[in-house]
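First up is the structure itself, then whatever we jot down about it.
Coordinate-derived values only; no laboratory data. It should be emphasised that the depicted structure is a prediction, and the values quoted were computed from it without experimental measurement. Backbone-built Cβ (ideal geometry, glycine too); neighbour counts: all protein chains shown.
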Amino acid sequence: MSMSELKPLIHLLFPLCVHWIAEEMTVSVLVDVTTNALCPGKTTCSQAIYLTGLQQTVVGIFKMVVLPLLGQLADDYGRKPMLLLTLSTTIFPFALLAWDKSKGFVYAYYVLRTISYIISQGSIFCISVAYVADIVEENKRAATFAWITGLFSASHVLGNLLARFLPGEYIFVVSIVLLIFCPVYMKLFLSETVRTNTRQDQQSTCLTTIFKVLQDRYKSMRNSVIVVANSSTLKRIAYVSFFYELGMSGITSVLLYYLKSSFGFNKNQFSEILMVVGIGSIFSQILVLPLLNPVVGEKVVLCIALLASIIYAILYGLAWAPWVPYLSASFGVIYVLVKPSTYAVISNATSSANQGKVQGFIAGIQSVASFISPLIMSPLTSLFLSSKAPFNCKGFSLLCASVSLIISLCHAWLLKTDEPTKSDGEDNSDHIEAPLLS
């Protein structure tokens, strides 16, 4: 996969990279902002951990419906409007923290960020993958997805560099400017790959129109279930995605608070750890995966990546010194290959007309896991970080999360690839015949 072959995707990838930079530069400073606002003068803040867990639970519940719905809408009404919607929602919560970082504004941030996550978390990748599948031939999709996730990692590195060296008071301001730029650029330059039917029945009443939309959504969701149920590959990758997300989302939701409490890390250490993962991920996704995948296939790459995620979780859970988190983070260089491998397996097992629906359906399954995990991880982490812990193991919750990752690896090992399943009545006529990458 050369740069010339990625040229048709430039107006998708460039604004996505800017968006990811803007989001990532806020991650390391958010822990300090929320802890200082909710628990002034303390390094451990159970309130912030529980709020983050509650946020993730609410997001997971609503994403079960919203993600498949957005995938279906992207298939029916186009990728571009759905991307504009999902990218725009992130602007508002960060605008609050740019204005004020007091306790009331932090609570308001959590509310708006929860709404933003419901609409954008996972759906941006899902719709982008469907956009790529519209114009990239099947045997090049794995390499293309690797490039996208590699650019995602590169964006994280740049975002963390900005967070490391920018003064805290400027981080949210710069982030907002970048976030506003993304949908504006995409609106001006991104081409649509789906031909939509613009005809409307002028005699239809509002109630009839709403009923028809709901009916169409139900039929489309039912079609997604049928497509997945008829494919052994899609059923197995659904299990892989569920247990991987169950473990990894639980780790992600509490990790920075755990490091702050156990080792006194601040935004500088957080940025350094995140950059360790990001820099290595660029190399592994852009250079290693495109070379390795044609030789061993998506299944082997997926299994290796899941094994690395297990080691990652165990090392964090048993971290006995401040340097151990850096060692653990280095395994992120390998486990980041889970995402592009999963996208490739799903895409190759799905026909072109169902890309958005199936990617959205699998993402919806992941959202089920993401709302279950904080129900377990938040109280468990708070307990073992407190003085009431039954035994001395501050990372016990992370060790529990590794069990879910082991189950995911077992399902990946049983994975069998098959050809795309074409559902009854499937029609590809809505999709523009974009030129394939040679």
Rg(Cα) / (2.2 N^0.38 Å) computed for segment 1-190, rounded to two decimals: 1.08
Normalised convex hull volume, the chain, alpha-carbon set, Å³ per residue: 142 Å³
Debye log10 I(q)/I(0) at q = 0.19, 0.24, 0.25 Å⁻¹ for segment 54-147, Cα point scatterers: -0.90, -1.13, -1.17
Dipole axis of the chain (+1 Lys, Arg; -1 Asp, Glu on Cβ), positive-most option in TYR335, VAL254, LEU161: VAL254
Extension reserve of the LEU399-VAL296 stretch, reckoned as 0.36 nm per residue once the Cα distance is removed: 34.1 nm
Spacing of the two label points (7 Å from each Cα toward its C-beta) at PHE92 and THR43, in nm: 3.8 nm
Residues LYS140 and LEU166, FRET efficiency given R0 of 41 Å [Cβ-Cβ distance, rounded to 0.05]: 0.60
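Please report the equivalent ellipsoid semi-axes of segment 248-406, computed as sqrt(5 x eigenvalue) of the Cα gyration tensor, largest first, in whole Å. It would help to have the intermediate numbers written out before the result.
Working: eigenvalues 187, 75, 32 Å².
Each semi-axis is the square root of five times an eigenvalue, giving 31, 19, 13 Å.
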Inter-label distance, nm, simple model (7 Å from Cα along the C-beta direction), LEU287/ASN230: 4.4 nm
Share of alpha-carbon pairs per 5 Å distance bin for segment 299-339, given as whole %: 6, 30, 29, 18, 11, 5, 2
Unsatisfied cross-links (Cα-Cα over 29 Å) in the set LYS219/LYS299; LYS63/LYS339; LYS80/LYS339; LYS140/LYS235: LYS219/LYS299
Computed lengthening from LEU383 to ASP100, 0.36 nm per intervening residue step minus Cα-Cα distance: 98.8 nm
Karplus 3J(HN,Hα) series, Hz, for segment 244-260 with 6.51 cos²θ - 1.76 cosθ + 1.60 (x for Gly, Pro): 5, 5, 4, x, 6, 5, x, 5, 4, 5, 10, 4, 5, 5, 4, 5, 5
Point-to-point label distance, ILE115-PHE391, nm (Cα→Cβ direction, 7 Å offset): 4.6 nm
Gain upon complete extension [TYR50, SER191; 0.36 nm per residue less C-alpha separation]: 46.6 nm
